[in-house]
Amino acid sequence: QVQLVESGGGLVQAGGSLRLSCAASGRTFSTYTMGWFRQAPGLEREFVAAIRWSTGITYYADSVKGRFTVSRDNAKNTVYLEMNSLKPEDTAVYFCAAGRVVTVVSGTTKYDFWGRGTQVTVSS
């Protein structure tokens with residue numbers, strides 16, 4: 001079955017960096033869109049970034065543009081989220097998602113599969 005497993009979260013000071021990984025298995029994802037979302041306590045899940053696996057085209061939320069970079073490794077079937085210049089407001093559980101037909105990359109309902117998430121905590 002399809003599995004998305006996130007890793008790389010942790011505790012970091014403001015201004016620091018983390019790299020999240022999402023290992024995908026269970027099918028070929030070459031035609032999928034892979035998204036990263038995050039959810040802070042008491043808030044709705046929000047879009048962070050996405051990448052079209054086939055073309056490498058990337059999308060970002062305004063709040064992370066210029067600080068975060070999404071990429072994929074075809075050989076490892078893994079998607080990454082490189083996070084730099086982290087801020088306390090970036091603190092959240094980060095989720096990886098995969099969707100076969102994603103017309104609006106920021107819409108949570110467009111994705112078919114989700115990982116369980118990894119916690120990112122940024123201290124001030």
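The values are calculated or read from the model by the stated rules, or taken from the named source; none is laboratory data. Here the structure is a predicted model, which is why all the values come from computation and not from measurement. Side chains are part of the model used for accessible areas, which takes the heavy atoms of the whole protein and leaves out ligands, DNA and RNA. Shrake-Rupley method; radii C 1.70, N 1.55, O 1.52, S 1.80 Å.
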Contact order normalised by length for the chain, with contacts defined as Cα pairs under 8 Å and 6 or more residues apart; what percent is it? 35
What are the lysines whose alpha-carbon lies under 22 Å from the alpha-carbon of K87, with same-chain residues fewer than 8 places away excluded? K65
Rounded to the nearest whole Å², what accessible area per residue is found for the chain with the 1.4 Å probe? 51
Of the convex hull enclosing the alpha-carbon atoms of the range 11-102, the direction-averaged projected area in nm² is 6.2
Accessible surface of the chain [probe 1.4 Å, protein heavy atoms]: carbon and sulfur percent: 47
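DSSP beta bridges in the chain, what fraction antiparallel, as a percent rounded to 5?
90
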Expressed in angstrom and rounded, the centroid-to-centroid distance over alpha carbons for the range 20-44 and the range 56-100 is 9
